[in-house]
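Presented below is the structure to which this report refers.
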Amino acid sequence: MILVAGGAGYIGSHVNQMLQKQGYETIVLDNLVYGHKEAVKQGILEIGSLGDTARLEEIFEQYPIEAVFHFAAYAYVGESVKDPGKYYNNNVVNTLHLLDVMARHGVNMIVFSSTCATYGVPEQIPIVEEMEQRPINPYGASKLMIERILSDYHNAYGVHYCCLRYFNAAGADPAGEIGESHTPETHLIPLILMAAAGDRENIRVFGTDYPTRDGSCIRDYIHVTDLADAHIKAMDYLKRGGKSACFNLGNGVGHSVLEVIEAARKVTGREIPVILDERRPGDPPALVGSAKKAEKELGWIPRYGDINTIVSHAWNWYCNRKY
Ligand code: UDP
């Protein structure tokens, strides 16, 4: 069985869904602080925190777990700056609990949800895995710490791991069963769609004076279903003896904030009122990732790379969302 820690969240729920479709038995462990129980349509849902070692022990005793997917983390950059203790405790300390319980039960395979935020402000794009990682906020720092812990645990205790550094996760299950739902919502595409639907007045463009083609920030948006696919390919890679490693997951193509708004106008056919605003502190001008390593080593090729497809699946979910 596969343990999906944080499997009621946005990316974890899509991975759980894909594992189930491929015939795996899954246990989702989630504290439901940000996750949604409605997002866990298949598999066993165990409510609990990684901080609760006794609960973890119980779960590892109860189920024959062979591998762990780890998504259980807080992921609001702004909040991490205001309250770093919350991030280091939940993201780092609780991962140590998980790794220790895994070790006690002889489970030595983990696919970890990392982020391009570990790179900070890159010196060049596209970003490749070997580039220096200098996170500029506690969220990115907490994920980088876990990457380092995994590397040390690999060397000392033989833990096999893949760290998957996502660029901007976006879109929703093409069948519309599950999708993105954050409270509060801070991500660009859901906010644009709220403005398109009339559920908020406008979308604010954070910064129009960046050194980019139209002055707004450029990001590499990657479909959540493609991310899910990469996770399962990462587990298969470890199972066939692949070397523990970190992989970028992006399309290798950047879109500016203004371009994403334009794509949303086209997809939704709605007016989207825009306010040109100040820069948001901590935003690098451009983040685009090269995923050549994942392509070569994992055999991963994104299927839904087109920004219009990404926005259209997100819009379909937004209009019919169930949570
Ligand atoms: N962004 C924006 N307006 C918003 C939210 C986000 O202009 O209301 C911009 C943000 O500055 C960044 C991009 O959209 O350049 C993606 O932001 P998001 O928060 O979705 O993801 P992040 O890149 O922070 O992981």
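Which pairs turn up if I take residues in region 256-270 that are in contact (Cβ under 8 Å) with a residue 12 or more places away in the chain and look for partners that are among the basic types (Lys, Arg) and open to solvent by 60 Å² or more (accessible area, probe 1.4 Å) with beta carbon separation below 9 Å, at least 6 apart in sequence or on another chain?
From residues that are in contact (Cβ under 8 Å) with a residue 12 or more places away in the chain, the pairs are Ser256/Arg213; Glu259/Arg213; Ala264/Arg270.
Filter region 273-314 down to the residues that are open to solvent by less than 30 Å² (accessible area, probe 1.4 Å) and either aromatic (Phe, Trp, Tyr) or closer than 11 Å to Gly250 by Cα (or both) and list them by number.
If the condition is that a residue be open to solvent by less than 30 Å² (accessible area, probe 1.4 Å) and either aromatic (Phe, Trp, Tyr) or closer than 11 Å to Gly250 by Cα (or both), then Leu287, Val288, Gly289, Ser290, Ala291, Ala294, Trp300 are the ones that fit.
Can you work out which of the residues in region 194-223 that are within 9 Å of the ligand (Cβ to nearest atom) and in a strand (DSSP E or B) is farthest from Arg280 (Cα to Cα)?
Tyr221
Under 8 Å between Cβ atoms, at least 6 apart or on separate chains: pull out the pairs that start in region 116-128 with a residue that is hydroxyl-bearing (Ser, Thr, Tyr) and end on any residue that is assigned to a loop (DSSP other than H, G, I, E, B).
What qualifies is Thr118/Gln133; Thr118/Pro135; Tyr119/Met131; Tyr119/Glu132; Tyr119/Gln133; Tyr119/Arg134; Tyr119/Pro135.
Within region 170-183, does at least one residue satisfy the condition of being of a type in the set (Asp, Glu) and open to solvent by less than 10 Å² (accessible area, probe 1.4 Å)?
Looking for residues that are of a type in the set (Asp, Glu) and open to solvent by less than 10 Å² (accessible area, probe 1.4 Å), one finds at least one in region 170-183, hence yes.
For region 167-184, which residues satisfy the criterion of being touching a strand residue (DSSP E or B) at 6+ places or on another chain (Cβ under 8 Å) and of a type in the set (A, V, I, L, M, F, W, C)?
Matches in region 167-184: Phe167, Ala169, Ala170.
Whether any residue in region 240-252 is open to solvent by 10 Å² or more (accessible area, probe 1.4 Å), basic (Lys, Arg) and closer than 30 Å to Gln42 by Cα is what I want to check.
Yes: region 240-252 contains one or more residues that are open to solvent by 10 Å² or more (accessible area, probe 1.4 Å), basic (Lys, Arg) and closer than 30 Å to Gln42 by Cα.
Are there any helices (runs of 4 or more DSSP H) wholly within region 73-135 with 1 or more residues that are open to solvent by 10 Å² or more (accessible area, probe 1.4 Å) and at pLDDT below 95, and if so which?
Hits in region 73-135: 77-82.
Look through Asp220, Asp209, Asp214 and report the one residue that is over 14 Å from Phe112 (Cα atoms), charged (D, E, K, R) and surrounded by 23 or more Cβ atoms within 10 Å (Cβ to Cβ).
Asp220
Can you name the number of the only condition in (1) part of a loop (DSSP other than H, G, I, E, B); (2) under 16 Å from the mean Cα position of the chain (by Cα); (3) surrounded by 15 or more Cβ atoms within 10 Å (Cβ to Cβ) that Thr186 fails?
Only one criterion is unmet by Thr186, namely (3).
Could you say whether any residue in region 278-285 is at pLDDT below 95 and either touching a Ser or Thr at 6+ places or on another chain (Cβ under 8 Å) or of a type in the set (Gly, Ala, Ser) (or both)?
Yes.
Which one of His160, His231 is open to solvent by 10 Å² or more (accessible area, probe 1.4 Å), closer than 21 Å to Lys293 by Cα and more than 14 Å from the ligand (Cβ to nearest atom)?
His160
I'd like to know if region 53-65 contains one or more residues that are within 27 Å of Ile189 (Cα to Cα), open to solvent by 50 Å² or more (accessible area, probe 1.4 Å), outside any helix (DSSP H, G or I) and out of contact with any strand residue (DSSP E or B) (no Cβ under 8 Å at 6 or more places or on another chain).
No, that holds for no residue.
Being in a loop (DSSP other than H, G, I, E, B), at pLDDT 95 or above and within 12 Å of the ligand (Cβ to nearest atom) is the filter here; which residues of region 163-183 pass it?
Listed by number, the residues that qualify are Phe167, Glu180.
I want to confirm something. Restricting to region 261-272 and keeping residues that are within 16 Å of the ligand (Cβ to nearest atom) and β-branched (Val, Ile, Thr), which single residue is surrounded by the most Cβ atoms within 10 Å (Cβ to Cβ)?
Ranking the qualifying residues of region 261-272, first place goes to Ile261.
Determine which member of the set Asp236, Asp226 is away from the ligand (no atom under 14 Å from the Cβ), in a helix (DSSP H, G or I), at pLDDT 95 or above and buried (at least 22 other Cβ atoms within 10 Å of the Cβ).
One residue alone meets the criteria, Asp226.
Evaluate region 284-296: report whether one residue or more is outside any strand (DSSP E or B), of a type in the set (S, T, N, Q) and farther than 30 Å from Gly158 by Cβ.
no
The values are calculated or read from the model by the stated rules, or taken from the named source; none is laboratory data. Predicted, not measured: the structure shown is a model, and the values here were computed from it. When we count neighbours, we look across all protein chains shown, and the Cβ atoms used for this are built from the backbone with ideal geometry, even at glycine. What goes into the accessible areas is simple: the full protein's heavy atoms, side chains included, and nothing from ligands, DNA or RNA. Shrake-Rupley method; radii C 1.70, N 1.55, O 1.52, S 1.80 Å.
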